[in-house]
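Each remark here refers to the structure printed beneath this line.
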Amino acid sequence: MSKIKACIFDLDGVLVDTAVYHYKAWKRLANEMGFDFTEHQNEQLKGVSRMASLELVLGWGNITGKTEEEKEELATRKNNWYVEMINQMTPDEILNGAQEFVQSCRNAGLKTAIGSASKNTPLILAKLQLATLFDAVVDGNSVSKAKPDPEVFLKGAEDLGVAPADCVVFEDAVAGVQAAKNGGMKAVGIGSPELLNQADVVVSGLDKITVAELENL
């Protein structure tokens with residue numbers, strides 16, 4: 001192996017695709033406030049924190065004058081709908097090859113962690129029965145700065161006891177790839193090569209990369 005000693009995974013869009021649930025919940029909120037919400041707009045919320053997402057949604061709907069308290073109430077309402085949906089999730093929703101790839105990283109002696117903005121990370125990992133595959137979990141409950149700030153990944157590296165330069169991050173969002181780079185880590189993009197052009201390599205999913213290929217990063 002190269003000096004890669006740890007793999008840090010974003011959750012949404014890398015191990016599981018919860019974007020459809022976010023979309024349905026934001027759309028319901030927008031519709032209740034009298035405007036529509038598109039899948040294209042939902043894409044722009046990838047990797048963005050809940051309150052920052054709400055600000056974008058309110059902006060798209062030209063909704064102004066909301067107090068901080070009202071914003072908290074709106075974000076909570078959206079999240080409650082989202083949680084209702086993810087409570088129905090099963091391990092069948094794990095993305096192709098994701099569980100196998102994480103296991104192969106562990107089999108190769110690499111440490112593994114989750115680095116996600118989602119405050120619902122523990123619930124999702126429990127529903128997918130994936131929690132035991134990770135040595136550390138850093139999520140929106142334990143960090144305050146949103147990607148592209150590298151805080152979530154730097155804390156993951158710290159919790160694993162591995163230097164940032166010895167970590168590779170797996171991300172599907174532009175802000176997430178930027179966060180990995182800002183933290184001095186390698187980045188594997190999951191998705192579009194055009195969109196994730198700052199990543200060291202881009203694949204369509206974790207079923208399209210092997211642990212051996214990490215040596216070449």
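Numbers at a glance
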| item | result |
| --- | --- |
| Residues that are aliphatic (A, V, I, L, M) and assigned to a helix (DSSP H, G or I), drawn from segment 109-140 | Leu123, Ile124, Leu125, Ala126, Leu128, Ala131, Leu133 |
| Residues of segment 178-210 satisfying the condition of being surrounded by 19 or more Cβ atoms within 10 Å (Cβ to Cβ), among the β-branched types (Val, Ile, Thr) and free of Cβ contacts under 8 Å to residues at least 40 places away in the same chain | Val188, Val202 |
| Among the residues listed as Ala199, Ala175, Ala157, the single one being of a type in the set (Gly, Ala, Ser) and under 17 Å from Thr112 (Cβ atoms) | Ala157 |
| Residue that is surrounded by the fewest Cβ atoms within 10 Å (Cβ to Cβ), among those in segment 12-34 that are at pLDDT 95 or above and within 27 Å of Leu217 (Cβ to Cβ) | Val16 |
| Residue that is under 30 Å from Ala157 (Cα atoms) and assigned to a helix (DSSP H, G or I), where the choices are Arg106, Arg77 | Arg106 |
| Test: residue in segment 42-59 that is more than 23 Å from Ala173 (Cα to Cα), surrounded by 13 or more Cβ atoms within 10 Å (Cβ to Cβ) and among the charged types (D, E, K, R) | no |
| Those residues of segment 141-151 which are surrounded by fewer than 16 Cβ atoms within 10 Å (Cβ to Cβ) and either part of a helix (DSSP H, G or I) or of a type in the set (Gly, Ala, Ser) (or both), in sequence order | Ser142, Ser144 |
| Arg106 being on the phi < 0 side of the Ramachandran plot, touching a residue at least 40 places away in the same chain (Cβ under 8 Å) and of a type in the set (Lys, Arg) | no |
| Unique residue being outside the structural domain of Ala212 (by TED's automatic domain parsing) and under 21 Å from Asp17 (Cβ atoms) when the list is Gln103, Gln99, Gln44 | Gln44 |
| Selected residue (criterion: nearest to Leu95 (Cα to Cα)) from residues of segment 12-45 that are assigned to a helix (DSSP H, G or I), charged (D, E, K, R) and touching a residue at least 40 places away in the same chain (Cβ under 8 Å) | Lys24 |
| Test: Asn141 is within 22 Å of Asn42 (Cβ to Cβ) and assigned by TED's automatic domain parsing to the domain that holds Gly161 | no |
| Scope segment 165-174; condition surrounded by 20 or more Cβ atoms within 10 Å (Cβ to Cβ) and in a helix (DSSP H, G or I); matching residues | Val174 |
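The values are calculated or read from the model by the stated rules, or taken from the named source; none is laboratory data. Note that this is a predicted model, so its numbers are computed, not measured. Cβ: placed from backbone, ideal geometry, glycine included. Neighbour counts: every protein chain shown.
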